[in-house]
Amino acid sequence: MVREVGAATRLLRGLMAPPLHAAGITQAEFHLLAILEERGTSTGKELSCKLSLDKTTVSRQLTALEEAGAIARTTDPANRRSHLITLTEDGRDRLADARRRTIAVLEDRFSTWPPEELDVLADHLARFNDQLRGVGVTEA
C-alpha cells in the first residue's frame, strides 16, 4: 500500500504541475491559497502548522503571493508581532483559475471511468484522508 500511495502522490504532483503553472502559481502556493479560502484569515504560524512546513519556507511563499497581489497581510491587533493573512480578490481568482485547470486535467485523465466508479473512488479517498488526519480513529 505504501508503494501505491507514494506512486499516486508523485503522479498527481506531476499531473497537476502544468495546469498550476499555466494558472501562474506553484503547488505550494495553491495549497496556501486554498487554506486561506477555507479559513478566511490565518497567521503564518498557523499556515506552517497546517501544512507541516517550516515557518521560513511558508514566509517566503507568502512574500511571493503578497508581491503578486494574491494575499494581504495586516498587523494582528492582538499580537503586534504577528500578521493576519487574508486572500485578496486576485488570490480568489487565481485559485479559481487553478482549480478549473486542474479539474479539467483530472476529468480528461479519468474520462473513461464510469461516474459510479469515480464516486466510489472519491468516497474511498475521503475516508483514506480522514484516517490520515485521525478523524474517527480511536486509540487501541
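The values are calculated or read from the model by the stated rules, or taken from the named source; none is laboratory data. This is a predicted model, so every value here is computed, not measured. When we count neighbours, we look across all protein chains shown, and the Cβ atoms used for this are built from the backbone with ideal geometry, even at glycine. When the accessible area is computed, the model is the full protein with side chains, heavy atoms only, and any ligands, DNA or RNA have been set aside. Shrake-Rupley method; radii C 1.70, N 1.55, O 1.52, S 1.80 Å.
List of remarks:
- Options Ala70, Ala8, Ala98, Ala23: the member that is modelled with pLDDT of 95 or more, closer than 30 Å to Leu118 by Cα and small (Gly, Ala, Ser): Ala98
- Any chance Asp76 is among the charged types (D, E, K, R), over 21 Å from His31 (Cβ atoms) and touching a residue at least 24 places away in the same chain (Cβ under 8 Å): yes
- Selected residue [touching a Gly at 6+ places or on another chain (Cβ under 8 Å) and free of Cβ contacts under 8 Å to residues at least 60 places away in the same chain] from Ser48, Ser59, Ser42: Ser59
- Complete set of residues in segment 80-116 that are open to solvent by 100 Å² or more (accessible area, probe 1.4 Å) and in a helix (DSSP H, G or I): Glu89, Arg100, Glu107, Asp108, Arg109, Glu116
- Test: residue in segment 105-118 that is within 17 Å of the chain's Cα centre (by Cα) and either within 20 Å of Leu11 (Cα to Cα) or not hydrophobic (A, V, I, L, M, F, W, C) (or both): yes
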